[in-house]
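The values are calculated or read from the model by the stated rules, or taken from the named source; none is laboratory data. Note that this is a predicted model, so its numbers are computed, not measured. Please note: Cβ atoms are built from the backbone with ideal geometry, for glycine as well, and neighbour counts cover all protein chains shown.
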Amino acid sequence: MLTVRDTTPDELPAAAEQLLADGGRLALVAAHHDADAVRIVHLFVSGPPDTRTELHTRLDPAAPELPSIARLSFPGGRFEREMRDLHGVVPLDHPLPRRLVRHFHWPRGWYPMRPDAGPPPPFAEPEGPYPFLEAEGDGVYEIPVGPVHAGLIEPGHFRFSVVGETIIKLKARLWFVHKGIEQLFQGRTPETGLALAERISGDTAVGHALAYCLAVEEATGTTVPEPARRARALLLELERLHNHITDIGALCNDVGHGILNNHAQRIREHLLRLNHGITGHRLLRGGVVPGGAVLQALPDRDRLRALGADIREVVALALNHGVVLDRFTGTARLSAQAARDLGCLGYVARASGLPDDARRSHPFHDYGETLTVPVHDTGDVLARFLVRAEEIDTSLALVDHLAADLTPGRTVTPPARDHGPRAGNGIVEGWRGTITTRVELAPDGTLSRVKPVDPSFFNWPALPVALADTIVPDFPLTNKSFNLSYAGNDL
Amino acid sequence: MSGAHAVSALGAVRGVGAAAMVAQVVVVIGGAPLLTGLMRQVRARMEGRAGAGIAQPWRDVRKLMRKEPITPVRTGPAFRAAPLLLVVTAGVIAALVPLVSTATPVSGSADLILVVAVLALGTVSLALAGLDTGTAFGGMGASREMTVIALVEPTILLSVFALSIPAGSTNLPAIVAGAEHHPGRLASPAGALAAVALAVVVLAETGRLPVDNPATHLELTMVHEAMVLEYSGPDLALVELGSQMRLTVLLGLLASLFAPWGIATGASVGAACLGLLLLAVKVAVLGVLLAAAEVFWAKLRLFRVPELLAGSFLLALLAVTASYFLTGEGSR
């Protein structure tokens, strides 16, 4: 159920407060440079029942300013900072008006998302200093880590302020991988935009592609046939499976128990080969397309059952290992209150006692009784491990259930070029959490604006909060238990 | 006539002893990378991987030796001297400790306290090098290493003391030779307690699981590796070789103290050769056992490491007490 309301800048905070008080969650904020105004769209969602409310606020294009809602919603404040850095829209009375996306060397006054931005100018006069907050006191020292790390991981800079081995403050500086994806979408047809959507975060090809396709289908008024919806639900669970088992192995590896990682990697490889047979791509690209889905084959259910038994064995071996269990238990607790305030999503939220799952609140397919949403409330590494282990069981059951009535092939209703409301939202529970994508179409049917939001955008601020009073050597384990995307966060 | 004969016999004793000592050092230097290679191979096979082969650490040394040496700016003599000191101290210990023969020219100086001090010298020089780089990781690794060593050194001393009480000397060759002639000393409770205590501290001292993870790439969890992050090229080759030699020597010491059979006590060339062969076998067996055990272990939380080491210290203390009373020293 989608409601679109126009508000003036002055009415915006009150309207947002009302929607949040009614149980809504701020899922997305996107700025649009229309011919006569800068239009800001705030998307609030809640469910079940699936409820989506868009607030459209028009600002003066010469001096775009809007009142900040950062005091009402923490993610709102971060969306505003992102919007200011990329669009030059100024949030008024923002409590934390620091830069978010703009690094030190970004040229002053150049906002890449403005229609008149042009190609990026050379690195020039910087925006000015970009200091870290210094923690002071007896015996406080700083550990700078990254952005280049020893392992094969994405770039991010972490600045620890430490006393002895205890972290008293952690600042994560990300945004090293800005690719301009939002602008690359513009002018493409919905079909050619799909390849970009699949690459927003490489490990979430299905999640992002599906959110994008749902948005395009809503914008064009396309109805997806039931078998295609079923196939999409299947692909989404297959993606969850291979990512969850990889991280379960990686968590064991980070506490020095490498043998379980080796087995997890073996299982992952089997799953990726299975994926290759199903969509022709190991990471499941090409399975979800605008208007439907393409399956080259169905998963071998006996093989999946065997792999499921292997996964359960790996999980049991990890949990029955005294040292591994000790390392997981009580490490980096994220309280339910903090998770709620920060707007956490996915397994991070579910490990801290928040039972949100877009498969329940914003379903694109009726999962029936097979869908269970595991929730733990201790908020530590163990809880995140357990949530993911239990989600694997659910996913296996769902894959088994969904594959039963499917046949391979292409089931697509091609989206119409010139029908529909020209704007739409897609909300999907990807393996990492809820992905929201908003699409607007130009009159000629090309994409005029695509705004994807990865759950990592919401979850990154929770990492430093969980790490307060944790010891430095437990950071890699904690970071892995969150496993947030750098690429999906920094578009 | 008989005097000249005695002199030449003495010369032969010295010659065989010196040869045995040189053989100890050469075998430790040459064998240390192979031991590491063997342990990695065992681990790889047990985890279902193919493994890089036993000679891989030597290939790594060759590769690193060909690289250009790089010294970070503003590092001083501590950084430059540490790799050499690490290798030299490990080499000195290899010469001192009775691995092949108890009758070497230096056996009179092979005092327990000296060996522990030389061991500590190598560790401290590496920790100082870590501090010298001025990076957060170097300092962090050095601080962790010092915490570990403060708990490890007393335990090594105590557990070997437990063995030195029956021998009546802190001289390692005397302890080993005594144990070889009176195997009953090892089968005592004191011997068993000391063996466990020493085994635990050898794990800590050489940066193995569950204290440190030698295979990790996570800078923030490292102990030993964090100190040596700034080394590259030939210096890194020396650091790696030095660490591998320490592991070999400590495993060799463990073998000599608790399974001394086959170590030459006289001047016979045959006995020395047998000692050499048995040394290689014993150290390889210990290495394989350690590598196999590591597959089933996980790394302890850093703040639990002192608990483990304190436990091993307690075992060592019990070993000394048991040894003191059971050998009748207490009743004198």
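Based on what the data block shows, is A:Leu260 more than 14 Å from chain B (Cβ to nearest Cβ) and buried (at least 16 other Cβ atoms within 10 Å of the Cβ)? Before the answer, list the steps.
Working: more than 14 Å from chain B (Cβ to nearest Cβ): no; buried (at least 16 other Cβ atoms within 10 Å of the Cβ): yes.
Here the answer is no, as A:Leu260 does not meet what is asked.
crowded, with 22+ Cβ neighbours inside 10 Å, under 20 Å from the mean Cα position of the chain (by Cα) and not assigned by TED's automatic domain parsing to the domain that holds A:Gly47: is that true of A:Gly353 in this structure? Taking the combined requirement at face value, the residue does not satisfy it. Answer with yes or no whether B:Val88 is away from chain A (no Cβ under 14 Å), part of a helix (DSSP H, G or I), modelled with pLDDT of 95 or more and under 29 Å from B:Asp235 (Cα atoms). Judged against the criteria, B:Val88 is a match.
Of the numbered criteria (1) in a loop (DSSP other than H, G, I, E, B); (2) in contact (Cβ under 8 Å) with a residue 60 or more places away in the chain, the one A:Pro75 fails is (1). Looking only at residues in the range B:126-137 that are away from chain A (no Cβ under 11 Å) and of a type in the set (Gly, Ala, Ser), which one is nearest to the chain's Cα centre (by Cα)? Out of the qualifying residues, it is B:Ala127. Scanning the range A:112-161 for residues being touching a Leu at 6+ places or on another chain (Cβ under 9 Å) and either within 14 Å of chain B (Cβ to nearest Cβ) or of a type in the set (A, V, I, L, M) (or both) gives a total of 13. Anything in the range A:111-140 that is touching a Lys or Arg at 6+ places or on another chain (Cβ under 9 Å) and among the small types (Gly, Ala, Ser)? List them, or say none. If the condition is that a residue be touching a Lys or Arg at 6+ places or on another chain (Cβ under 9 Å) and among the small types (Gly, Ala, Ser), then A:Ala124, A:Gly128, A:Ala135 are the ones that fit. Kindly evaluate A:Glu218 against the criterion of being charged (D, E, K, R) and either more than 30 Å from B:Ala293 (Cβ to Cβ) or outside the structural domain of A:Ala195 (by TED's automatic domain parsing) (or both). Here the answer is yes, as A:Glu218 does meet what is asked.
The set of residues in the range B:211-235 that are touching a helix residue (DSSP H, G or I) at 6+ places or on another chain (Cβ under 6 Å), hydroxyl-bearing (Ser, Thr, Tyr) and more than 14 Å from B:Pro72 (Cα to Cα) contains only B:Thr221.
Residues are listed down the side, and each one gets a yes or a no for (1) in a loop (DSSP other than H, G, I, E, B); (2) within 30 Å of A:Leu26 (Cβ to Cβ); (3) at pLDDT 85 or above:
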residue	(1), (2), (3)
A:Arg81	no, yes, yes
A:Arg84	no, yes, yes
A:Pro91	no, yes, yes
A:Arg99	yes, yes, yes
A:Asp116	yes, yes, yes
A:Phe123	yes, no, no
A:Tyr130	yes, yes, no
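Taking A:Gly286 as the residue in question, decide whether it is farther than 22 Å from A:Asp203 by Cα, out of contact with any Cys (no Cβ under 8 Å at 6 or more places or on another chain) and not acidic (Asp, Glu). Answer is no for this residue.
Every residue, every condition in (1) surrounded by fewer than 21 Cβ atoms within 10 Å (Cβ to Cβ); (2) in contact with a helix residue (DSSP H, G or I) (Cβ under 7 Å, 6 or more places away or on another chain); (3) over 30 Å from B:Pro57 (Cα atoms), yes or no:
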site: B:His181; (1), (2), (3): yes, no, yes
site: B:Ser188; (1), (2), (3): yes, yes, yes
site: B:Val202; (1), (2), (3): no, yes, no
site: B:Leu209; (1), (2), (3): no, yes, no
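The sole residue among B:Val88, B:Val106, B:Val92, B:Val148 that is within 20 Å of the chain's Cα centre (by Cα) and crowded, with 21+ Cβ neighbours inside 10 Å is B:Val148.
Per-residue answers, yes or no, for (1) in the same structural domain as A:Leu447 (by TED's automatic domain parsing); (2) part of a loop (DSSP other than H, G, I, E, B); (3) of a type in the set (Val, Ile, Thr); (4) free of Cβ contacts under 8 Å to residues at least 60 places away in the same chain:
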residue	(1), (2), (3), (4)
A:Ala15	no, no, no, yes
A:Ala30	no, no, no, no
A:His42	no, no, no, yes
A:Val45	no, no, yes, no
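Hey, among the residues in the range B:62-77 that are surrounded by fewer than 18 Cβ atoms within 10 Å (Cβ to Cβ) and assigned to a helix (DSSP H, G or I), which one's nearest to the other protein chains (Cβ to nearest Cβ)?
B:Lys63
Meeting the requirement of 2 or more residues that are closer than 30 Å to A:Gly193 by Cα and in contact (Cβ under 8 Å) with a residue 60 or more places away in the chain, the helices (runs of 4 or more DSSP H) wholly within the range A:291-369 are A:346-351, A:358-361.
Look at (1) under 22 Å from A:Arg268 (Cα atoms); (2) more than 14 Å from chain B (Cβ to nearest Cβ) and you find that A:Val324 fails only one, number (2). Of the residues making up the range B:42-64, those that are within 24 Å of the chain's Cα centre (by Cα) and in contact (Cβ under 8 Å) with a residue 40 or more places away in the chain are B:Val42, B:Arg43, B:Pro57, B:Asp60, B:Val61, B:Leu64.
Residues in the range A:159-182 that are basic (Lys, Arg) and in a strand (DSSP E or B): A:Arg159, A:Lys169, A:Lys171, A:Arg173. When each of B:Val211, B:Val223, B:Val202 is tested for being touching a Gly at 6+ places or on another chain (Cβ under 8 Å) and in contact (Cβ under 8 Å) with a residue 12 or more places away in the chain, the lone residue that passes is B:Val223.
Exactly one residue out of B:Ala319, B:Ala293 is of a type in the set (Gly, Ala, Ser), within 14 Å of chain A (Cβ to nearest Cβ) and under 22 Å from B:Val211 (Cβ atoms): that is B:Ala293.
For B:Ser232, the conditions (1) among the hydroxyl-bearing types (Ser, Thr, Tyr); (2) within 14 Å of another protein chain (Cβ to nearest Cβ); (3) buried (at least 22 other Cβ atoms within 10 Å of the Cβ) are fulfilled apart from (3).
Of the helices (runs of 4 or more DSSP H) that lie entirely inside the range B:182-298, those containing 2 or more residues that are in contact with an Asp or Glu (Cβ under 8 Å, 6 or more places away or on another chain) and at pLDDT 90 or above span B:233-258. Going through (1) among the aliphatic types (A, V, I, L, M); (2) out of contact with any helix residue (DSSP H, G or I) (no Cβ under 7 Å at 6 or more places or on another chain); (3) crowded, with 16+ Cβ neighbours inside 10 Å one by one, A:Ile168 falls short only on (3).
So which residues in the range A:384-428 are under 30 Å from A:Gly187 (Cβ atoms) and among the basic types (Lys, Arg)? Explain how you work it out, then say what you get.
Here is the first cut: in the range A:384-428, the ones under 30 Å from A:Gly187 (Cβ atoms) are A:410-428.
A:Arg410, A:Arg417, A:Arg422 - these are the residues of the range A:384-428 that are under 30 Å from A:Gly187 (Cβ atoms) and among the basic types (Lys, Arg).
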